[in-house]
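To start, the structure itself, in structure tokens.
The values are calculated or read from the model by the stated rules, or taken from the named source; none is laboratory data. The model shown is predicted, which means the values in this text are computed figures rather than measured ones. Cβ sites come from the backbone with ideal geometry, for glycine too, and all protein chains shown count toward neighbours.
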Amino acid sequence: MKSQERISFYNQISGNKIKSFFLIIIIFAVLIALSYVIGLIYSQYFFIILIFGIIISILYVLISYYNSDKIALASVNAREVSYNEARQLHNSVEGLCLASGLPKPRIYVMPGEQINAFASGRNPEHSVVCVTEGALKKLSKQELEGVIAHELSHIANYDIRFMTLAAVMVGMIAIISQIFLRSMWFSSGRDRDKNNAVLIIIGIVLAILAPIVVQLVQLTISRKREYAADASSVKFTRSPTGLISALRKIRGDKTELKVSGALAPLFMSDIKRRDLSELFATHPSIEKRIEILERM
């Protein structure tokens, strides 16, 4: 039996970043196509309402983006820990920041027996790393460093900014689709007859399918960023051993985190231990992540 080909973490990082940008282009193309078809069907009045709705959506997302760390930390009841409270955690973060060239983020611990962690913040200068109490109890020093390096990779790769861009466009598509579909109910038959029936059918199909398609694309982007963060973790620690061992412990950990599902993409692994098709998951399967890491 042939041995599996080795994977360069540099190629893994760049490859997943390229795929992520390609997927963003797909979301943008769907947004343009949907807007164009609806523009052919409706008058200028519809677009005034549409633009107003989009502006409100963008403002909401931007406010959330600039306060993402505060919102996330408050949602999980996390508390900032001092050096004296968690010396090993602080030492691990400081060492990895030196290796990666990142400024040291603020360090938090959240309640929960599950092994998990997340990073948040709009840029490296305004970032936080939060680990669960379970991670501190159950992981060795090397395993904890692998997990922290993964989270620091999200900060270094500006993943919060990237995922916010995807969320803005997905949100805009959802708003456009809803406004268009609702307008079908309120417009009179006379108004509809003035438009091309084929265009209306195309518009309805796009308005129904577009939000579903871009949601799936958004989940795919989230999974690609996880693969890139795993590879960057190997780059920072110069070894996949710690992260592989931590992922194996996570796979065997049957506890669940009682936090909002909206925060699920932030965490290192799925907060719910359930068998989902990867198509609908925010994270790749742990088995696939381990398989790729073992080839680095």
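Some observations on this one:
- Boolean, Ala78 is within 24 Å of Ser222 (Cα to Cα) and either at pLDDT 90 or above or polar (S, T, N, Q) (or both): yes
- All positions within segment 136-158 that are without any contact (Cβ under 8 Å) to a residue 60 or more places away in the chain and not charged (D, E, K, R): Leu136, Ile148, Ile155, Tyr158
- Condition met for Ser14 (over 30 Å from Val205 (Cβ atoms), surrounded by fewer than 15 Cβ atoms within 10 Å (Cβ to Cβ), hydroxyl-bearing (Ser, Thr, Tyr) and at pLDDT below 80): yes
- Within segment 232-249, the set of residues being under 21 Å from Ser14 (Cα atoms), surrounded by 23 or more Cβ atoms within 10 Å (Cβ to Cβ) and aliphatic (A, V, I, L, M) comprises Val234, Leu243.
- Residue match in segment 108-115 (condition: more than 20 Å from the chain's Cα centre (by Cα), farther than 20 Å from Lys70 by Cβ, free of Cβ contacts under 8 Å to residues at least 40 places away in the same chain and surrounded by fewer than 22 Cβ atoms within 10 Å (Cβ to Cβ)): no
- Among the residues examined, Gly95 does not qualify as on the phi > 0 side of the Ramachandran plot, surrounded by fewer than 22 Cβ atoms within 10 Å (Cβ to Cβ) and touching a helix residue (DSSP H, G or I) at 6+ places or on another chain (Cβ under 8 Å).
- Here segment 232-269 is the region considered, the condition is being hydrophobic (A, V, I, L, M, F, W, C) and within 15 Å of Ile155 (Cβ to Cβ), and the residue that is modelled with the lowest pLDDT is Leu266.
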